[in-house]
Amino acid sequence: MTEEIKVTCLHDRHVAQGALMSPFAGYDMPIQYVDITTEHNAVRHKVGVFDVSHMGEVEITGPDAAKFTNYIFTNDINAIKAGQILYGMMLYPDGGTVDDLLVYRVDDNDFFLVINAANIDKDVAWIMEHAKDFDVKVDHQSEQYGQIAVQGPEAEKTMGAVLGIDTTDLTFYTFKKLEYDGKTIIVSRTGYTGEDGFEVYADPAIICQMWDKLMEAGVQACGLGCRDTLRFEAGLPLYGDELTAEISPITATFGMFVKLDKEGGFIGRDACAQQKAEGTPKKLVGLELEGKAIPRHGYEVLDGENVVGYITTGYHSISVDKSVAFALVDRAVGALGNTLSVRIRKKVFPATVVKKRFYTPNYKK
Amino acid sequence: MSKIIDGLYYSESHEYVKVEGDFGYIGITDFAQHELGNVVYVDMPEVDDEVTAGEDFGAVESVKAASDLMSPVSGTVVEVNEALEDEPGLINKDAFENWIIKVELSDKSELDGLMDAAAYKNMIGE
């Protein structure tokens, strides 16, 4: 079965700029404009802009909106006020991950959920199904929004100088709505790169106009290629690799986003509590390899002769110049400092279990 | 437009063989390096390893992906290009100058099954 490939509002511009295009999550997306290393370094040292219009948006309103959002979400929305954002997951009852997402608290009973492109249909169906028992309105808004991410140490300056948006009042994981060309847009101090930066949600026509201004100002266009290398180095998971229907946030060691004791509970809560108490059979770890060979998704991780897991994401890290990976391994061999090995084609390379954050993020807290 | 050199043998998987006497220098074509992008790692066999026509003997890797190297010919590895260990990007600078392995050919008739420059040029549509 072949499904028709979707495009974002910026698609024509990517093609005109000569980007290497490839299907991702059902969209024809730019992988790179120049090369991954150049784009990666622009974000680490200066500023870059990504088209992330493929991301999905769902707004939940109504008298039960707070109660309902908290019920489908692992983090605790009672911990934030209007204008703040939380990262967390939606889970199946067995603790497996439906998706990881951002929840923007617009008001007491108004929440804006940002979900992964690959999961939009599944997530919306999941949310709708569970909303039946609550007095809420679920509004799927993915088609209404284009989205760009302006990321890097010069992001704040760029937002002001190029787009005329003052973001100096925004701290990490906060947002504001503002009028721009007669329309309401959302600007948040968020991202997926480990650098300071912003995400803008707006009408597609406005997103196109912003893109053009950023290009005219010489801001580096960045593709999904470096989006993955950047998020990986910063220790951020990608749904499909580090979190899946089979991998719970406890297994992936993102338990800090799972508030087991919050009021009212949430779907998957009991499974997570049990996993936390008993320990999961597998856990996600960081690995650092000797040498320059590159561990890639799916490669086997060995303890002596025994296969004890597999690589979920791996690169020769651009920012720290080492071959590093996330791997899902048997808990028994996952202690920091333990020596394992990775099979790369015909050879086996020693690897040490290390912390999953290879690059220290530079967020503006 | 990719560079193609007359007098070399070319495979469908974009390796070349430059023959000197009983030896062949094997690398990837300029077209292949361009398709792959910046080479960040070259996985090479060791001296004395056997390579077999049509079977992989290593890989060239960009940031994003690994691409298997298929040997166009059979033989014994007599030298590997060690410069690529420290500077894999040499392949992007000049893919024909920077061969990957030197092989003592065990069956020179295998060369007859490979393409010449004109046929390779035709295959890549240039």
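The values are calculated or read from the model by the stated rules, or taken from the named source; none is laboratory data. The shown structure was predicted, so the numbers you read here are calculated from the model rather than taken from an experiment. No Cβ is skipped: glycine too gets one built from the backbone with ideal geometry, and neighbour counts run over all protein chains shown. For the accessible areas, the whole protein counts, side chains as well, though only heavy atoms, and no ligand, DNA or RNA atoms are used. Shrake-Rupley method; radii C 1.70, N 1.55, O 1.52, S 1.80 Å.
From the backbone phi of region B:23-40, what are the Karplus-calculated ³J(HN,Hα) couplings (6.51 cos²θ - 1.76 cosθ + 1.60, θ = phi - 60°) in whole Hz, Gly and Pro given as x?
Per residue, the Karplus-derived 3J(HN,Hα) values read 10, x, 9, 10, x, 9, 6, 4, 4, 5, 5, 5, 5, 6, x, 4, 7, 10 Hz.
With every protein chain kept in place and ligands, DNA and RNA left out, what is the accessible area per residue of the protein assembly as shown? Probe 1.4 Å, answer in Å².
43 Å²
Given a 1.4 Å probe, show me the residues in region B:52-70 buried by at least 50 Å² of accessible surface when comparing the whole protein assembly to the chain alone.
Those are B:GLU61, B:VAL63, B:LYS64, which lose 50 Å² or more relative to the chain on its own.
Run the numbers on chain A and let me know its relative contact order in percent, using alpha-carbon pairs under 8 Å that are six or more apart.
18 percent
Can you give the charge dipole size of the protein assembly as shown about its Cα centre, rounded to the nearest 20 debye, using +1 on the beta carbon of Lys and Arg and -1 on the beta carbon of Asp and Glu?
The dipole of the protein assembly as shown has a size of about 2000 debye.
Cut-off under 16 Å on the C-alpha distance; same-chain residues fewer than 8 positions from A:LYS356 excluded. Which lysines are left, in chain and number order?
List returned: A:LYS282, A:LYS283, A:LYS322.
Could you please state how large a percent of the accessible area of region A:33-77 is carbon and sulfur, counting protein chains only and using a 1.4 Å probe?
55 percent
Using a Förster distance of 30 angstrom, determine the FRET efficiency expected from the C-beta separation of A:LEU260 and A:VAL307, and round it to 0.05.
Given R0 = 30 Å and the Cβ-Cβ separation, E is 0.40.
Do any residues of region A:35-82 show a loss of at least 30 square angstrom of accessible area between the isolated chain and the full protein assembly, using a 1.4 Å probe, and if so which?
Residues meeting the cut-off: A:ILE36.
Could you work out [θ]222 nm for chain B from helices alone, using -39500 (n - 2.57) per DSSP H run of at least four and dividing by all its residues? Round to the nearest 500 deg cm²/dmol.
One gets -3500 deg cm²/dmol as the mean residue ellipticity at 222 nm.
Per-residue ellipticity at 222 nm for chain A, helices alone: DSSP H runs ≥ 4 residues times -39500 (n - 2.57), over residue total, nearest 500 deg cm²/dmol?
-6000 deg cm²/dmol
Pull up all non-local amide H partners of A:THR174: gap of 5 or more, or a different chain, and H-to-H distance under 5 Å with H placed in the peptide plane.
The answer is A:ARG189.
Across region A:312-318, in residue order, what do the Karplus-derived ³J(HN,Hα) couplings come to in whole Hz, using 6.51 cos²θ - 1.76 cosθ + 1.60 with θ = phi - 60° and x for Gly and Pro?
Each residue's phi maps through the Karplus curve to give 9, 8, x, 8, 7, 4, 6 Hz.
So, in Å, what gap is there between the alpha-carbon centers of region A:72-99 and region A:102-117?
Cα centres, region A:72-99 to region A:102-117: 10 Å.
Could you pull out every residue, at least 5 positions away or on a different chain, whose amide H is within less than 5 Å of the one on A:LYS282? Hs are placed 1.01 Å off N in the peptide plane, and Pro or chain starts have none.
Placed amide hydrogens put A:ARG331 under 5 Å from A:LYS282.
Pull up all non-local amide H partners of A:TYR180: gap of 5 or more, or a different chain, and H-to-H distance under 5 Å with H placed in the peptide plane.
A:ILE185
Work out from phi, with θ = phi - 60° and the Karplus expression 6.51 cos²θ - 1.76 cosθ + 1.60, the ³J(HN,Hα) of each residue of region B:103-108, listed in order in whole Hz, and give x for Gly and Pro.
10, 7, 6, 9, 8, 5
With the dipole of region B:1-119 worked out from charges on the C-beta (+1 for Lys and Arg, -1 for Asp and Glu) around the Cα centre, which of B:VAL103, B:LEU90, B:ILE26 lies farthest toward the positive end?
The one lying farthest along the dipole's positive direction is B:LEU90.
Which value, in square angstrom to the nearest 100, describes the accessible area buried between chains A and B on both sides, using a 1.4 angstrom probe?
Looking at A and B, the buried total is near 1400 Å².
Sequence neighbours fewer than 8 away in the same chain don't count; with that in mind, list the lysines whose C-alpha is under 25 Å from A:LYS213.
In chain and number order, the partners are A:LYS6, A:LYS46, A:LYS157, A:LYS176, A:LYS177, A:LYS183, A:LYS364.
Which of A:LEU10, B:TYR16, A:LEU20 sits farthest toward the positive end of the charge dipole of the protein assembly as shown, with +1 on the Cβ of Lys and Arg and -1 on the Cβ of Asp and Glu?
In the protein assembly as shown, that residue is A:LEU10.
Pairs A:LYS81/A:LYS262; A:LYS292/A:LYS347; A:LYS292/B:LYS18; A:LYS292/A:LYS346: which exceed 19 Å Cα-Cα?
With Cα atoms farther than 19 Å apart: A:LYS292/B:LYS18.
For chain B, calculate the relative contact order in percent as a whole number, restricting contacts to Cα pairs under 8 Å that are 6 or more residues apart.
32 percent.
Quick one: with all protein chains in place, what share of the accessible area of region A:281-354 is carbon or sulfur, to the nearest percent (1.4 Å probe)?
Here carbon and sulfur together make up 53 percent of the probe-accessible area.
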